[in-house]
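Peer 1: Dropping a structure here in structure tokens format, bear with me for questions.
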Amino acid sequence: MLPRHLLLKQLQNKSVIFWVCLFLVSSLAVALRLPLLNKFLLSYDEAIHLVWLRLLAAGYKPYTEVYITYPPLYPLSIQAIWEIWPSEAAQRWFSVAYALFGAVPTALLAQRMAGDVAGLVAAALLLFSPILVEPSRAVLGEFHSVAWSIWAVWFIVCYQQAVTPARRSTYLILSGLSIAASLLTKLLSPFLVVLLVGVIVARHRQQVFQIKPLLRDLSLWSLAVIGPVLLFMGFLFNLNELFYQTITQRLLARQAYLIDSSTVDPTSQYLATFFREDSALVILGLIGVILLWLKHRAYFWLLAGWFLLAVAFLTVHYPLRYKHFLVFVPILAILGSLTVAGWLKLLLQRKKVSVYAVGGLLLLLLIYAEQIPATLTRWETQAEQAHPPANEAQMLAFIEEVLAPDDCLVTDDMPFLYWSGRMTPPEFAEMSANRLISGSLPLVDLIDISNQSDCQVVAPIANRIPKYMPDYMTWVETHYLGRTRYGEDDLFFGKIDTVPRPEMPQWADFNGELAFHGYTLPAGISSPGSRIPIKLIWQTQQRLSQDYTIFVQLRDDQGVTLAGADYQPYKGLAPFSEWPAGATIQTMTWLTLPSDLPEAAYQIYVGLYDPKNLERLPLRGDTSGENALILGPLPVGLPTSPAE
């Protein structure tokens, strides 16, 4: 028998080898995701989260202003990443990090049950599971929540096996904090609360049962759970709004979907997809259940309870989505690791080589040989799709020309909104079917917010608004001047009752036909060579018969024109002759400054002319001598270098 110090040294070396191997498995998982970070189409849910980030970065408050359907830990965590590195790529890497974060407790649980090999296999099965690859590099919170829940199970197992009271208390607190983090990230694993409480009770039943120690442990664990929840939900945010947006709306949507299930894909479809894409993991997990009962019975009820509670939760979760099946992946990965570790053990013991072990291993390789190429083909197919699709790219090009960067946009297609680079009213940060069907965004609110925000473009291209809010579309058709179609999608533009709120109010009268209310120029100093947006607010005083062209000219103090832009409203799709009498409409154009423009303050000249004869529309009270408004000044300066 080895001396104690040599035995400890051997165990330490073994532990180092395990962690080195786990690091290598994790590195391979990262290497797999590296080329896939931007291969998938931006999903609707991802775009919602990115839109949240833009609104939060602009200073809007979560829940009271920005409509957010996730518990606060998720938006706060991605907001923290956004402040450090404001990009989509940073959020994707954050999700990759969470995949690795969830793989560690999965490996530790399997290692505790069946040794180092099982632990490494469990991490590999989790990280290379086809169902996890996409969510683990997407801007989604589902696996973030699942990862925390795995840690909660790991800590409760450590508590169950701890000897000293101090260690038991520490593990209880860590388990409570972990499940609290899971619930505050997304309500995807609330069923684990039952399991964790059951483990605490079971531990005390194994000893001389005493009620006081049990109550003490339950109280300590409960405080660790409830404390963070109260901190986030009761003190940092508006509790009523937070509760409604994260819980009540989903319950209302569930009830609405149950009444009309025709809008929901059947659960069997997602179940079949899960079995097809992750068939190897499912088969290994099912075999692992048998091995768990035969060789690792001490953990049988832990994993069986975990699995059965997950099944029960998804049974009542409605509507069910494919991403919700992520709750099964860590359980199946642990069970599957028992199977693989058992096979490897039989193969390495030469005297006990079994035809069943060899056959099982070959079957596993055959499954992966079919499953992995099919998964890679699906990824490659998605990677070849246009981001965004061709018709939406045309719509985005139109929006880029007619909306300033600080203008807002109403749409039910969140990827489209994100790609546009524009804001949306913070109350419209989520325009999902869940929200619309639940009644959480009623017609009167939809119209009131649209009126208050004065967004100049409405793009109902995901068909959610037309399907669930047809009366709103009737309102849009009567309150927006123009409508154009790209493929099968309609775009509405030019709100005819815009509230005049220019940054620089300036009233003028063009021949009793058009009133000018003011303009908005970029704040701060513009740079030579830049494109600057110029917004103008007009109101028709009568029905116009001419389709005027607007001219915008940049002039120096000598009156020399240095740059100009002539345009008709909304690229000619909203001519003046179609403007109803009394309509108040915003127009926008880009003015490109010369790259060699000297530093100075310049004036902007604005007017209208008839393109048929180039005659300008008279300006009453004209001071320019040429029927033009003088706006500005526009300061232009060279950007200062860091050295200066």
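Peer 1: For the range 37-45, just list the computed ³J(HN,Hα) in residue order, Karplus coefficients 6.51, -1.76 and 1.60, θ = phi - 60°, integers in Hz, with x standing in for Gly and Pro.
Peer 2: Values, residue by residue: 3, 10, 8, 8, 4, 5, 7, 4, 5 Hz.
Peer 1: Here is a further query. Full extension from residue 478 to residue 279: what is 0.36 nm times the residue separation minus their Cα-Cα distance, to one decimal in nm?
Peer 2: Net length gain for the segment: 66.3 nm.
Peer 1: Here's a follow-up. With every atom except the alpha carbons ignored, what do you get for Rg and Dmax of the range 504-636, in angstroms?
Peer 2: 14.5, 43
Peer 1: How about the range 514-590: which chymotrypsin sites (Phe, Trp or Tyr not before Pro) there are in a DSSP loop, with at most 10 other Cβ atoms within 10 Å of their Cβ?
Peer 2: Sparse-neighbourhood loop chymotrypsin sites (Phe, Trp or Tyr not before Pro): none present.
Peer 1: Run the simple label-point estimate for residue 612 and residue 318 please: 7 Å along Cα→C-beta, distance reported in nm.
Peer 2: 6.4 nm
Peer 1: Run down the aspartates and glutamates and flag those whose C-alpha is under 19 Å from the C-alpha of residue 612, throwing out any fewer than 8 positions away in its chain.
Peer 2: Straight-distance partners of residue 612: 513, 547, 566, 578, 626.
Peer 1: Let me ask you something else. Once the Cα gyration tensor of the range 29-176 is found, what semi-axes does its equivalent ellipsoid get, as square roots of 5 times the eigenvalues, in whole Å, sorted largest first?
Peer 2: The three semi-axes for the range 29-176 are 31, 21, 10 Å.
Peer 1: Count charges around residue 605 for me, please; just the other residues with Cβ under 14 Å from its Cβ, Lys/Arg as +1, Asp/Glu as -1.
Peer 2: Once positives and negatives cancel, what remains is -3.
Peer 1: Please give the per residue volume of the convex hull enclosing the alpha carbon atoms of the range 474-566, rounded to a whole number of Å³.
Peer 2: Each residue corresponds to 176 Å³ of Cα convex hull volume.
Peer 1: Take the Cα gyration tensor of the range 395-495, multiply each eigenvalue by 5, square-root it, and list the three semi-axes largest first, rounded to whole angstrom.
Peer 2: With the √(5λ) rule applied to the range 395-495, the semi-axes are 19, 14, 14 Å.
Peer 1: Right, another one. Computed FRET efficiency, Cβ-Cβ of residue 345 and residue 311, R0 30 Å: what is it to the nearest 0.05?
Peer 2: In this case the efficiency is close to 0.50.
Peer 1: How big is the equivalent ellipsoid of the range 532-579 along its three axes, where each semi-axis is √(5λ) from the Cα gyration tensor, reported in whole Å from largest to smallest?
Peer 2: Three semi-axes, in Å: 25, 12, 10.
Peer 1: Which value, to two decimals, describes the C-alpha radius of gyration of the range 100-195 once divided by 2.2 N^0.38 Å?
Peer 2: 1.11
Peer 1: Would you mind checking which residues have amide H under 5 Å from residue 411's amide H? H placed 1.01 Å from N; only 5 or more apart, or other chain.
Peer 2: 459
Peer 1: Also, I was wondering about something else. Counting only residues 5 or more places away or on other chains, whose amide H sits under 5 Å from the amide H of residue 489 once H atoms are built in the peptide plane?
Peer 2: Here the answer is none, since no amide H 5 or more places off falls under 5 Å of that of residue 489.
Peer 1: Which entries of 323/467; 467/535; 39/571 have Cα-Cα distances beyond 31 Å here?
Peer 2: Correct reply: 467/535; 39/571.
Peer 1: Same structure, new question: Taking a ≥ b ≥ c as the square roots of the Cα gyration tensor eigenvalues, with a/c under 1.5 meaning rounded and otherwise prolate when a/b beats b/c, else oblate, which class fits the range 160-318?
Peer 2: Judged from the Cα gyration tensor, the range 160-318 comes out oblate (a/c at least 1.5, b/c at or above a/b).
Peer 1: Given Cβ point charges of +1 (Lys, Arg) and -1 (Asp, Glu) and nothing else, what value in debye, to the nearest 20, does the dipole of the chain about its Cα centre take?
Peer 2: Approximately 5020 debye in magnitude.
Peer 1: Sticking with this one: With θ taken as phi - 60° and the coefficients 6.51, -1.76 and 1.60, list the Karplus ³J(HN,Hα) couplings across the range 15-27 in order, rounded to whole Hz; mark glycine and proline as x.
Peer 2: 5, 4, 4, 4, 5, 5, 5, 5, 5, 5, 4, 5, 5
Peer 1: Continuing with this model, one more query. Report, to one decimal in Å, the Kirkwood hydrodynamic radius for the range 303-344 based on all distinct Cα pairs.
Peer 2: It works out to 11.3 Å.
Peer 1: From the P(r) of the range 455-516, can you give the percent of Cα pairs sitting at distances over 13 Å?
Peer 2: Considering the range 455-516, 70 percent of its Cα-Cα pairs are separated by more than 13 Å.
Peer 1: Work out from phi, with θ = phi - 60° and the Karplus expression 6.51 cos²θ - 1.76 cosθ + 1.60, the ³J(HN,Hα) of each residue of the range 212-227, listed in order in whole Hz, and give x for Gly and Pro.
Peer 2: Whole-Hz 3J(HN,Hα) from phi for the range 212-227: 5, x, 5, 5, 4, 5, 5, 5, 4, 5, 5, 4, 5, 7, 6, x.
Peer 1: Could I ask something else about it? Give me the Kirkwood hydrodynamic radius of the chain, using the inverse of the mean 1/r over all pairs of distinct Cα atoms, in Å to one decimal.
Peer 2: This gives a value of 28.7 Å.
Peer 1: Another question, if that's okay. Counting Lys and Arg as +1 and Asp and Glu as -1, what is the net charge of the other residues whose Cβ lies under 12 Å from the Cβ of residue 160?
Peer 2: Result for the neighbourhood of residue 160: +4.
Peer 1: Select from the range 399-489 those GluC sites (Glu not before Pro) which occupy a DSSP coil region and have at most 16 other Cβ atoms within 10 Å, ordered by residue number.
Peer 2: Sites meeting the loop and neighbour criteria: 488.
Peer 1: Using the alpha-carbon centroid of each, what span in Å lies between the range 419-472 and the range 25-48?
Peer 2: 29 Å
Peer 1: Same structure, new question: List the residues, sorted by chain then number, that are 5 or more residues from residue 631 or on another chain and whose placed amide H is less than 5 Å from its amide H.
Peer 2: Hits under the 5 Å cutoff: 604, 605, 606.
Peer 1: Between residue 592 and residue 236, what is the label-point separation in nm under the 7 Å Cα-to-beta-carbon projection?
Peer 2: In this crude spin-label approximation the distance works out to 4.7 nm.
Peer 1: Just to confirm my numbers, what's the Cα centroid distance between the range 66-97 and the range 124-172 in Å?
Peer 2: What the calculation gives is 20 Å, centre to centre.
Peer 1: Show which aspartates and glutamates lie in cross-link reach of residue 186 when reach means a straight Cα distance below 12 angstrom and same-chain residues fewer than eight apart are skipped.
Peer 2: Candidates past the 8-residue exclusion: 142.
Peer 1: Something else about it: Tell me what the chain gives for mean residue ellipticity at 222 nm when only DSSP H runs of n ≥ 4 count, each as -39,500 (n - 2.57), the sum divided by the residue total, rounded to 500 deg cm²/dmol.
Peer 2: After summing the helix terms and dividing by the residues of the chain, the value is -17000 deg cm²/dmol.
Values in this text are rule-based calculations from the coordinates and carry no lab data. The structure displayed is predicted, hence computed values, not measured ones. Heads up, the Cβs are rebuilt from the backbone with ideal geometry, glycines too, and the neighbour counts pull from every protein chain shown.
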